[in-house]
Structures are given as C-alpha cells and as structure tokens.
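The values are calculated or read from the model by the stated rules, or taken from the named source; none is laboratory data. Remember, it's a predicted structure, so these values are computed and weren't measured experimentally. Here the Cβ positions follow ideal geometry from the backbone for every residue, glycine too, while neighbour counts run over all protein chains shown.
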Amino acid sequence: MLKTGKQGYDVYCPGGTPFTGVKTSLEKKTYRNTFVNDIPLVILDNGPAVCENIVEGLANGQFVVILRNKYRAVDGSAEYQIYGYYQGLAAETLESDKYSDDTEGGWSCALKESGSPKAGLYLFNTDAATTETMFNTLIAATSTSGGSGEDPNA
C-alpha cells in the first residue's frame, strides 16, 4: 500500500537484457557496519513533461524501489527485493547525454541508499502466488495514481 500523497511508478526493462547494475555493498563504519544499495535507471525521454514530472522529482526526493529478482528461491521468498526502505534511495547522479546510445538522448540516474542496517529486505507473504498478487496490487495502484502503468514483464 502506498502512503497517502505518495505516487508510485512502474519501471521496466525493455528488450531481452535483464535489469542489471543493482548492487549491495558492505559499508565499513567505526562501530557497526552497514550496507549501501545502488540502483541505476535510464529514462529514455527528455521532453518537458519528463523533466518536470520525473527528473526534477528524482533530483530532490527519496525513494523506495521493489525489484523482481532473477533468483527467486524455491518458495518465491527472494523474488521481490525492497531497496531504500531504511534510509531512502536518493539520486547520486542524474545526467543527460544527448548523443548517448545507452540513453537515446534521455537521462541516466544512479540512486543510492547509504547506511542500511540490513543486507536485504524482501517482499514476501505466505507463498509465491500470494506475494505476486500483493505486488500486482501495488502496480495497479501506481497506474491509477498517475504512474506509468507499463507492464514490468514487457
């Protein structure tokens, strides 16, 4: 369930290449070690509405992202992983290279969460089917609340 006043966006990876570049790293601290989560995104558009409604929001906001993992575990408990829950993901970089083949003139964004107390947090409820229904409910909420409504499996 989205918090009141918050908006969700359905992000997907077009084509045959899986969503890559997401990583979690150990962050050495003086008294207690934590984790850093990095999530790269590409926005294949640079129009006025995208800049105003997405890029500027990314520049100043904090986010939670739920990604569908390739490795799902036998019971499905590792299928959906949550990033940014503890400290929030924030834009580390945002750049638009008009002649980049990778972004097709759009934007590349790197979201980062530092200081996460856990190595991983997963969305799981009872079994794989129940969890998928719960996840799909979040996607439906994003399409009715102004998110993209794109199919994440496309």
Would you call residue 95 part of a strand (DSSP E or B), free of Cβ contacts under 8 Å to residues at least 40 places away in the same chain and of a type in the set (D, E, K, R)?
yes
Picked from segment 26-45 (must be under 13 Å from the mean Cα position of the chain (by Cα) and modelled with pLDDT under 95), the residue farthest from residue 82 (Cα to Cα) is 43
Filtering segment 38-87 down to residues that are of a type in the set (Gly, Ala, Ser), in contact with a strand residue (DSSP E or B) (Cβ under 6 Å, 6 or more places away or on another chain) and buried (at least 17 other Cβ atoms within 10 Å of the Cβ) yields 84
Scanning segment 100-114 residue by residue, those surrounded by fewer than 13 Cβ atoms within 10 Å (Cβ to Cβ) and touching a residue at least 24 places away in the same chain (Cβ under 8 Å) turn out to be 102
Filter segment 1-25 for residues that are of a type in the set (Gly, Ala, Ser) and in contact with a strand residue (DSSP E or B) (Cβ under 8 Å, 6 or more places away or on another chain); the one that is modelled with the lowest pLDDT is 21
Could you please let me know if residue 11 is of a type outside the set (S, T, N, Q), closer than 14 Å to residue 120 by Cβ, within 11 Å of the chain's Cα centre (by Cα) and surrounded by 12 or more Cβ atoms within 10 Å (Cβ to Cβ)?
no
When every residue in segment 98-119 that is polar (S, T, N, Q) and not in a loop (DSSP other than H, G, I, E, B) is compared, the one farthest from residue 52 (Cα to Cα) is 116
